[in-house]
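As structure tokens, the structure follows; a few thoughts come after it.
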Amino acid sequence: MGSSRPGNNQTQVVIGDDPSDTVNFVVDREIFWVSKSHNEVVEWFCVRNQNGHVHGSPNPCFTVRFNKLNGSPFAHPDPSNPSYTSDSTGYAVSNPVKHTVSPDSNRLYGYTIEAIGKNPLDPGGGVKG
Ligand SMILES: [Zn+2]
């Protein structure tokens, strides 16, 4: 695990079930920001609690997929699959920012949060200096 206090800074995204419609996700942060010069990474945390949810069982809590126009800012081990899937504790962490990506406060990297039985949700993120 990364921080013991998820959701308190711009590099952390907390993913939950929408209490008013559990087929939907909610996030505490629509746009994350990572610092390239500080080698920051994004952390995603599951706090889903509806319908008897158990982290990682029987399916992963979520997958985040960088499948939008601007692609992914991260140095994925497999660039053909720019996604991260949560572990058995409901946690996922990105790779560092790619060398070829420049900080740009006007450029957003949309991504999709997916899970079995849920509608996808499309938040985003950016890279700062
Ligand atoms: Zn979970």
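A few points about this structure:
- For the range 41-54, the set of residues classified as out of contact with any Cys (no Cβ under 9 Å at 6 or more places or on another chain) and part of a loop (DSSP other than H, G, I, E, B) consists of VAL41, VAL42, VAL47, ASN49, GLN50, ASN51, GLY52, listed by residue number.
- Failed item, numbered, when VAL64 is tested on (1) closer than 24 Å to GLY16 by Cα; (2) of a type in the set (A, V, I, L, M); (3) part of a loop (DSSP other than H, G, I, E, B): (3)
- Qualifying positions in the range 27-40 - crowded, with 17+ Cβ neighbours inside 10 Å and not in a strand (DSSP E or B): ARG29, LYS36, GLU40
- The residue pairs whose first member lies in the range 117-129 and is within 20 Å of HIS38 (Cβ to Cβ) and among the hydrophobic types (A, V, I, L, M, F, W, C), whose second member is modelled with pLDDT of 95 or more and assigned to a strand (DSSP E or B), and whose beta carbons are closer than 6 Å, counting only pairs six or more residues apart or on different chains, are VAL127/VAL34; VAL127/VAL97.
- Pick from the range 78-92, criterion surrounded by 15 or more Cβ atoms within 10 Å (Cβ to Cβ) and either assigned to a loop (DSSP other than H, G, I, E, B) or in contact (Cβ under 8 Å) with a residue 60 or more places away in the chain (or both), ranking: farthest from the ligand (Cβ to nearest atom): PRO82
The values are calculated or read from the model by the stated rules, or taken from the named source; none is laboratory data. This one's a predicted model, so the numbers in the text were calculated from it and none came from an experiment. Note that each Cβ is placed from the backbone with ideal geometry, even for glycine, and that neighbours are counted across all protein chains shown.
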